[in-house]
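Quick notes on the structure that follows.
The values are calculated or read from the model by the stated rules, or taken from the named source; none is laboratory data. The model shown is predicted, which means the values in this text are computed figures rather than measured ones. FYI the Cβ positions are ideal-geometry reconstructions off the backbone, even for glycines, and counts take in every protein chain you see. Just so you know, the surface numbers come from the protein's heavy atoms only, side chains and all, with ligands and any DNA or RNA stripped out. Shrake-Rupley method; radii C 1.70, N 1.55, O 1.52, S 1.80 Å.
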Amino acid sequence: MSTKVTWYGHASMGVHVDDMNILVDPFFSGNPAAAVDADSVNADFILVSHGHGDHVGDTIQIARRTGATVIANSEVANWLRVQGLNVHAQHIGGGYHHPFGYLKLTLALHGSSMPDGSYGGNPCGFLLTTSREEKLYFACDTGLFGDMRLIGEEGIALAVLPIGDNYTMGPDDALRAVHFLKPQAVIPIHYNTWDLIKQDPEAWAVRVEAETDAHAVVLMPGQQYSL
Ligand code: NI
Ligand code: MN
């Protein structure tokens, strides 16, 4: 069965691979763009990119209900361990062979404090290599950085990039990121949740298709893309 990626609105993603469900930054409660609610999603693993509320989201509630293991940097992981969750800590540049594939934490230029204000370590992105050697790159919340070229050298099947501006890359820098990453396909996220990050994803997709070799995939919240 093919690897499937679902956008749940904002930065909330689902990955279905090898009959496992992985959630990335599951934010449903209080997310005006959420396609479903936190009680209706399945998870075997949850990846949390940094401590901000729109990324930790419903992690605690979903992990308690499903028993999912949460993967994050060690500061975020320790904070979640104290809440009683099963966690697996990694750090930037480090990869590990999980049941769903090889997951490496990547650089992200952003902040990271926990919902209670405690220190959330360095924010990160995620590079997942599936059992079929497909590479999925989730930039998560970040500004543009030149080392995306190094990530691009790995051969990216799918890149998931923020385009909202204000807190993360905007459309122009996200287009530069596509040039650096050279993915086969790219999905824009982290936009239109609030007016502050209002963007036109279709206009961005037209630029991606015209100026790069990547296929731009604009999803509606709840829609799925199959690799
Ligand atoms: Ni953030
Ligand atoms: Mn965010």
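Values computed for the structure shown
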{"item": "Net charge of Cβ neighbours under 11 Å - reference P99; Lys, Arg +1; Asp, Glu -1", "result": "-3"}
{"item": "Share of carbon and sulfur in the accessible heavy-atom surface of the chain [1.4 Å probe, %]", "result": "48"}
{"item": "The chain: calculated mean residue ellipticity at 222 nm from DSSP helix runs of at least 4, using -39500 (n - 2.57)", "result": "-5500 deg cm²/dmol"}
{"item": "Table column - 3J(HN,Hα) (Hz), the stretch 25-31, Karplus curve with 6.51, -1.76, 1.60, x for Gly and Pro", "result": "6, x, 10, 10, 5, x, 9"}
{"item": "Where chymotrypsin sites (Phe, Trp or Tyr not before Pro) fall in DSSP loop in the stretch 117-189, at most 14 other Cβ within 10 Å", "result": "none"}
{"item": "Once exposed loop trypsin sites (Lys or Arg not before Pro) are cut out (DSSP; at most 14 other Cβ, 10 Å), longest piece of the chain", "result": "1-131"}
{"item": "Share of pairwise Cα separations in the stretch 69-119, more than 15 Å, in percent", "result": "50"}
{"item": "Where a label projected 7 Å from the Cα of E209 along Cα→Cβ would reach, residues of the stretch 176-203 with amide N under 15 Å", "result": "185-188, 201-203"}
{"item": "Whole-number D in µm² s⁻¹ for the stretch 22-124, Kirkwood Cα-pair radius fed into Stokes-Einstein, 4 °C, 1.567 mPa s", "result": "96"}
{"item": "For q = 0.10, 0.17 Å⁻¹, Debye-computed log10 I/I(0) when each Cα of the stretch 50-201 counts as one equal scatterer", "result": "-0.35, -1.03"}
{"item": "Degrees between helix 171-181 axis and first principal axis of the chain (Cα, 0 to 90, nearest 10)", "result": "90"}
{"item": "Rounded to the nearest 20 debye, dipole of the chain from Cβ charges on Lys, Arg, Asp, Glu", "result": "400"}
{"item": "Most to least packed among 26-33, 185-192 [average Cβ atoms within 10 Å]", "result": "185-192, 26-33"}
